[in-house]
Each structure stands twice: as C-alpha cells, then as structure tokens.
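**Q** Could you have a look at this structure, given as structure tokens, before my questions?
The values are calculated or read from the model by the stated rules, or taken from the named source; none is laboratory data. What you are looking at is a predicted structure, and each value in this text was computed from that prediction instead of being measured. Backbone-built Cβ (ideal geometry, glycine too); neighbour counts: all protein chains shown. Please note that ligands, DNA and RNA were not included when accessible areas were found on the heavy atoms of the full protein model with its side chains. Shrake-Rupley method; radii C 1.70, N 1.55, O 1.52, S 1.80 Å.
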Amino acid sequence: MTYDTNNIFAKILRGEIPAISVYEDDATLAFMDVMPQSPVHTLVIPKSPAENLFELDLEAGKQVLRTAQIVARAVQDAFKADGIMLNQFNGPAAGQTVFHFHVHIVPRYENVPLRRHTGDMENPDVLEEQAEKIRAAHAKL
C-alpha cells in the first residue's frame with residue numbers, strides 16, 4: 001500500500017481533526033485513544049509519514065519508542081496500573097485499521113478484561129480529565 005495522506009492520524013497531525021494530546025515533541029505526538037480498550041489508553045505516532053513498521057525510518061522509530069516510554073511512565077505514575085501493554089499492528093490481517101504507524105499504550109489492571117476496540121467512543125470529558133492527569137504526572141517526572 002502507498003501511504004494515504006488523508007488517514008485520520010495524518011489529519012490529526014495537520015490539525016484538521018481534534019485530538020486530546022498528552023505529549024508532543026518535534027518528532028512525535030501522543031494522544032488519547034477515543035475508543036479505549038482500557039481506561040487511559042493512549043497512542044503514540046511519528047510526525048513523519050509511515051504506513052507501518054516496514055516503512056518507518058529508524059530514527060523516527062527511536063523517537064516513537066522514547067515517547068512511548070515517557071507517556072507509559074506518566075500513565076503508570078498517574079493511574080497506578082498493574083502493568084502496561086504496548087501494541088503495534090502491521091497490516092489488516094494483524095489488526096491495523098489506521099494506516100499510519102502507531103503504538104498503543106494500554107494500562108492493564110489485574111482481573112480487569114480489555115474492552116473491544118470497536119466503535120464505542122469514550123466521553124471526551126473523561127478523556128480530557130485522564131489526559132490532564134497524564135500531563136501532570138509527566139511534569140513531575
């Protein structure tokens with residue numbers, strides 16, 4: 001496939017679609033997943049175009065992993081998750097639905113099953129409240 005400049009994450013990067021951001025630097029953006037599998041589910045994307053892992057520039061990949069580590073620490077600190085799961089999918093058969101490379105940061109809690117990652121959208125006020133706690137936790141680290 002060829003990178004689609006009109007995918008939803010490309011539109012978020014251009015400011016055409018809003019996102020509830022928790023962290024941003026020159027190379028990456030982290031924001032709340034609107035269809036979370038677990039409370040505080042966040043996404044990290046590179047600002048450079050890459051459909052999947054195989055198209056991702058190694059330097060961009062390094063920056064995404066760095067941001068994932070920063071955000072995961074803030075999530076862990078703010079929400080006391082029992083564990084943090086990172087997911088990354090490549091291609092439809094693997095479950096990729098947005099064709100811009102991204103990493104999911106999914107907090108896990110003992111005996112709490114994941115929700116399905118379907119069309120059930122979280123209340124934006126809830127996402128903003130969670131994002132604020134992540135931002136505050138990051139500021140303390």
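**Q** Arrange the peptides 98-106, 9-17 so that the one whose residues have, on average, the most other Cβ atoms within 10 Å appears first.
**A** Numbers: 98-106: 22.4, 9-17: 14.8.
Highest to lowest by the protection proxy: 98-106, 9-17.
**Q** Would you please calculate the Kirkwood hydrodynamic radius of the chain over all C-alpha pairs and express it in Å, rounded to one decimal? Can you show the working numbers first?
**A** Details: mean 1/r = 0.0657 Å⁻¹.
By the Kirkwood definition, the hydrodynamic radius is 15.2 Å.
**Q** With an 8 Å Cα cut-off and a minimum separation of 6 or more residues, compute the relative contact order for the chain in percent. Don't jump to the answer; show the numbers that get you there.
**A** Values: 239 pairs, mean separation 43.2, N = 141.
Reported relative contact order: 31 percent.
**Q** Cα-based Rg of the range 48-118 per 2.2 N^0.38 Å, rounded to two decimals?
**A** On the way: Rg = 13.5 Å, N = 71, 2.2 N^0.38 = 11.1 Å.
My calculation over the Cα atoms of the range 48-118 gives 1.22.
**Q** Same structure, new question: Taking Cα pairs under 8 Å and at least six residues apart, what relative contact order does the range 36-106 come out at, in percent?
**A** Details: 87 pairs, mean separation 35.1, N = 71.
Averaging sequence separation for qualifying contacts and normalising by length gives 49 percent for the range 36-106.
**Q** Please enumerate, by chain and number, the aspartates and glutamates with C-alpha under 19 Å from the C-alpha of Lys62, excluding those fewer than 8 residues away in the same chain.
**A** Lys62 reaches Glu24, Asp25, Asp26, Glu51.
**Q** Note down the magnitude of the dipole of the chain about its Cα centre, charges +1 on Lys and Arg C-beta and -1 on Asp and Glu C-beta and zero elsewhere, to the nearest 20 debye. Spell out each step's value before the answer.
**A** Values: 13 positive and 19 negative charges, 60 e Å.
In total the dipole reaches around 280 debye.
**Q** Further question on the same structure: Name the lysines eligible as straight-distance cross-link partners of Lys140: C-alpha to C-alpha under 17 Å, and not fewer than 8 places from it in the same chain.
**A** Lys80
**Q** Now, a different point. Could you tell me the calculated FRET efficiency between Thr5 and Glu59, based on Cβ-Cβ distance and R0 = 25 angstrom, to the nearest 0.05?
**A** E between Thr5 and Glu59, to the nearest 0.05, is 0.75.
**Q** If you don't mind, another one. Could you give the Stokes-Einstein D for the range 8-78 in µm² per second, using the C-alpha Kirkwood radius, 10 °C, 1.306 mPa s?
**A** Details: Rh = 12.6 Å.
The Stokes-Einstein estimate is 126 µm²/s.
**Q** Counting only protein heavy atoms, what percent of the accessible surface of the range 1-88 is carbon or sulfur at a 1.4 Å probe? Write down the numbers at each step before the final one.
**A** On the way: 2460 of 4470 Å².
In the range 1-88, the share of accessible area belonging to carbon and sulfur is 55 percent.
**Q** Here is a follow-up. Using modelled backbone amide H atoms (1.01 Å from N, in-plane), which distant-in-sequence or interchain residues come within less than 5 Å of Ser38's amide H?
**A** Arg115
**Q** Continuing with the same structure: Could you order peptides 47-56, 124-133 by the average number of other Cβ atoms within 10 Å of their residues, highest first? The partial results should precede the final answer.
**A** Details: 47-56: 16.7, 124-133: 15.2.
Per-residue Cβ counts within 10 Å, averaged per peptide and sorted highest first, yield 47-56, 124-133.
**Q** Also: Excluding ligands, DNA and RNA, what is the solvent-accessible area per residue of the chain at a probe of 1.4 Å, expressed in Å²? Write down the numbers at each step before the final one.
**A** Details: 7870 Å² over 141 residues.
So the chain comes to 56 Å² accessible per residue, rounded to a whole number.
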